[in-house]
Amino acid sequence: MNEQQVLDAQLLTRALAGDTLAFGDLYERYLDAIYHYVFYRVNGRQDAEDLTEGVFLRAWQALDSNPPREAPFRLWLYRIAHNAVVDYYRTRREQVGLEAAAHLAAPIEGPEAAVARQERANTLKQAMLQLSEDHQEVLTCRFIVGLSHAETAVVMTRNEEAIRALQYRAVNALRKLLLMQAGGRGENCDYE
């Protein structure tokens, strides 16, 4: 168990005993991470904010009846977030999407570079919208959130080998879509 997991376990033990401040500490530790996970899976900042708050409400309510037992607290939260996103789309019958996040760009860049980056982000978004929900989920977990294969397996309730295979297929499907989009506009393709 790493230091983060030890602190999470201590805070979780206190939260299970009814310490709302301990749960508040867990909330503050994971709010941004869960928000970014949800943001990349839904269309719109307001929906992402609402769903993120719902994730923490569900987590608080589940502490009595279904606390995290096998998975670390962080992965338990991602699983709740995953289920919240699935429920969100079930009720809306929309295709899961990836929102571009211009506000997360780290370097300061000139206008030409900013336009090029935004065009690449839009191209990626359009390609992601065409992928299956499972492909979007594995790519979001692995490359946007930065979860390991094992952690992604916990979130998606699959085994690690299945996640590796799914990721391989998802990357190939995304690459093909990006190549088709670039070729269809007669542009040079820098995805190869």
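A few remarks follow.
- Qualifying residue in region 112-122 (condition: polar (S, T, N, Q), over 13 Å from the mean Cα position of the chain (by Cα) and at pLDDT 75 or above): no
- Any hit, region 11-25, residues being under 18 Å from Val145 (Cβ atoms) and crowded, with 18+ Cβ neighbours inside 10 Å: no
- The residues of region 83-102 that are modelled with pLDDT of 80 or more and under 16 Å from Thr52 (Cα atoms), listed by number, are Asn83, Ala84, Val85, Val86, Asp87, Tyr88, Tyr89.
- Some residue of region 50-60 being among the polar types (S, T, N, Q), under 19 Å from the mean Cα position of the chain (by Cα) and not in a loop (DSSP other than H, G, I, E, B): yes
- Count - residues of region 53-94 that are within 16 Å of Thr140 (Cα to Cα) and touching a Phe, Trp or Tyr at 6+ places or on another chain (Cβ under 6 Å): 2
- Single unsatisfied condition, Arg45 versus (1) in contact with a helix residue (DSSP H, G or I) (Cβ under 8 Å, 6 or more places away or on another chain); (2) surrounded by 15 or more Cβ atoms within 10 Å (Cβ to Cβ): (2)
- The residues listed here are Asp190, Asp134; of these, the one that is modelled with pLDDT under 90, in contact with a helix residue (DSSP H, G or I) (Cβ under 9 Å, 6 or more places away or on another chain) and of a type outside the set (Val, Ile, Thr) is Asp190.
- Where a residue in region 59-76 is without any contact (Cβ under 8 Å) to a residue 40 or more places away in the chain and its partner, wherever it lies, is in a loop (DSSP other than H, G, I, E, B), with Cβ under 7 Å and at least six apart: Trp76/Pro68
The values are calculated or read from the model by the stated rules, or taken from the named source; none is laboratory data. Computed from a predicted structure; not experimentally measured. Reconstructed Cβ throughout: ideal geometry from the backbone, glycine too, with neighbour counts over all protein chains shown.
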